[in-house]
Amino acid sequence: MGAPRGQFSSRIGFLMASTGSAVGLGNIWGFPTKVASNGGAAFVVVYLLLAFLLAYPALMAELTIGRHARSNMVQALRGISRGSTSYFFGSLAGFSGLLVAALILSFYAIVAGWMISHLASPVANLLGANDVAAWFTGDSIIRNLSFTAIFSGLTMLIIASGVEKGIERWSTLLMPTLLLLMFLLIAYVLTQDGAMTGLEVYLNPDFGQLSPQLLLSAMGQAFFSLSIGVGTMLIYGSYLSQQESLPRLGALVTLIDVGIAFTAGLLILPAMYVAQTSGTQIFAESGELIAGPGLILQVLPALFDNMGSIGLLVAIAFFALMVIASLTSSISMLEVPVAFTIENFGMRRKTATLLAGSIIFSISTLIIFNFEGLFGFIVSFSTEYGQPLLGIALCIFAGWIWRRDQLLAELKKGHKNIEHTLFWKIWPWYVRIVCPLLILAAFVQSVL
Ligand code: PFF
């Protein structure tokens, strides 16, 4: 077998890495725009409820299984299975997790590549290379391929350095930087004309818009944002010390993730209305706020352009924020197949990283060459189907298949009196019955 397993050196290290995984494009781009098109603060309230009622219990299942098994998702689910049928389904869910993590990373790396190119563009402008700057933001296959390759390379470099020296060190450096940039940007944007209108749209609840569709959208967002179902949180849990209380750390990760998503809304929505005040169109023809790539790649850059020379700095800060958020998430995705390859085949970390990273980059390349046909399909297959279904599988493994005494023993590590807490009174039943049924109901509705 290969080298001994890695481990986070401290609680803070784990928190930085796991919130780094959770906080990504989903928080800074996905959440605020969903809020804007789904009833403002009404969506925020529903999202908060679902994050704690559905995503947190599922997150706990991943963390607990991972720390108990001290291995990747395939071996962890096999390890807690109790017979050939559950062994088979454990393998199936584990391998599906690997596949879905790889697919999410393959499209995520393309979008993150756009973020790098939009970061490089104002830098090139500052240096007077205006043609190069224009090429960076123009849409071309070669531009997309180059920047996806750069982003994938960065992700691989960090993962090749291991758990403590790679994942933990970089997350601990990047997450505070992300927060600092976000607060600076919010402070600046809120002083601009039009910002208060955006704030009002964001914070004014329209409960009339509550609908099954909204619930579904909030659930999908919560699962994506907390990186659930594909084994990232499971593998991070497997690197966590046994002295830590899992329910407390899980709640903290959920709280920080939700808090940062909410804070990002204080930036994005006001920024859109500032852009409108300076003459940029922010509504699509359907009458809805522009939310897709048009928001980040056109509306906000137009706003930065209108700000004059300070706009270049604001653009650099904004896209640096996006790149950092993407990178701390992408490393958690790549760690899933890498940990499996190391633990299953005894491969060295560097070789495993190169292998898994290259395969995923090939999928990204395929998507870039067939963008219209593949991009949307892979996004919805992996996040709307893959993640909820795998979330159900993990709840079933934690609630039905894993022996209750082992589950309790794992939770007791780092939380001695867990048996007497509200958590232990509710969670085991909750994850066994309520969670799978609710996720299933939401899922069936979305398919219908
Ligand atoms: N949580 C990340 C975000 O909000 O952007 C996305 C993500 C990371 C999804 C890791 C899945 C995953 F395994």
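Pulled fully out, how much extra length does the chain show between Asn417 and Ser380, if you take 0.36 nm times their separation in residues and subtract their Cα-Cα distance?
9.1 nm
At a Förster radius of 30 Å, what calculated FRET efficiency corresponds to the Cβ-Cβ distance of Ala409 and Phe207, to the nearest 0.05?
Step by step, r from the Cβ atoms, then E = 0.10.
Could you run the Karplus curve 6.51 cos²θ - 1.76 cosθ + 1.60 with θ = phi - 60° over the stretch 124-138 and give me ³J(HN,Hα) per residue in whole Hz, x for Gly and Pro?
These are the phi-based 3J(HN,Hα) values: 4, 4, 4, 7, x, 8, 5, 5, 4, 4, 5, 5, 4, 9, x Hz.
Taking the mean number of other Cβ atoms within 10 Å as a proxy for protection, how do you rank 287-295, 157-165, 198-206 from highest to lowest?
157-165, 198-206, 287-295
Summing +1 for each Lys or Arg and -1 for each Asp or Glu, what net charge is found among the other residues whose Cβ lies under 13 Å from the Cβ of Trp402?
+3
Kindly identify the stretch 100-256 as rounded, prolate or oblate by the Cα gyration tensor criterion: order the square roots of the eigenvalues as a ≥ b ≥ c, call it rounded if a/c is under 1.5, otherwise compare a/b with b/c, prolate if a/b is larger, else oblate.
Note, shape of the stretch 100-256 comes out oblate.
Counting only C-alpha contacts under 8 Å and six or more residues apart, can you give the relative contact order of the stretch 63-212 as a whole percent?
12
Show me 268-277, 45-54, 137-146 ranked by packing, highest mean number of other Cβ atoms within 10 Å first.
Descending mean neighbour count gives 268-277, 45-54, 137-146.
Have a look at Ser362, Leu334, Asn344 and report the one farthest towards the positive end of the charge dipole of the stretch 301-448, computed about the Cα centre with Cβ charges (Lys/Arg +1, Asp/Glu -1).
Of Ser362, Leu334, Asn344, it is Asn344.
Restricting attention to the stretch 375-448, which trypsin sites (Lys or Arg not before Pro) occupy a DSSP loop and are surrounded by at most 14 other Cβ atoms within 10 Å?
Arg403, Lys416
Could you work out [θ]222 nm for the chain from helices alone, using -39500 (n - 2.57) per DSSP H run of at least four and dividing by all its residues? Round to the nearest 500 deg cm²/dmol.
Here the helix-only value at 222 nm equals -23500 deg cm²/dmol.
With θ set to phi - 60° and the Karplus curve 6.51 cos²θ - 1.76 cosθ + 1.60, what are the ³J(HN,Hα) couplings of the stretch 292-301 in order, to the nearest whole Hz, using x for Gly and Pro?
Per residue, the Karplus-derived 3J(HN,Hα) values read x, x, x, 5, 7, 9, 10, 4, 5, x Hz.
What is the stretch 168-262 by shape, rounded, prolate or oblate, if you read a ≥ b ≥ c off the alpha carbon gyration tensor as root eigenvalues and call it rounded for a/c under 1.5, prolate for a/b larger than b/c, and oblate otherwise?
Oblate is the answer for the stretch 168-262, as a/c is 1.5 or above yet b/c matches or exceeds a/b.
Apply the Karplus parameterisation 6.51 cos²θ - 1.76 cosθ + 1.60, with θ equal to phi minus 60°, to every residue of the stretch 15-24 and state each ³J(HN,Hα) to the nearest whole Hz, in sequence, with x for glycine and proline.
4, 5, 5, 6, 6, x, 5, 5, 7, x
Every number in this text was worked out from the coordinates using simple rules, so none of it is lab data. Fair warning: this is a prediction, and the values are worked out from it, not measured in the lab. We place every Cβ from the backbone using ideal geometry, glycine too, and count neighbours over all the protein chains shown.
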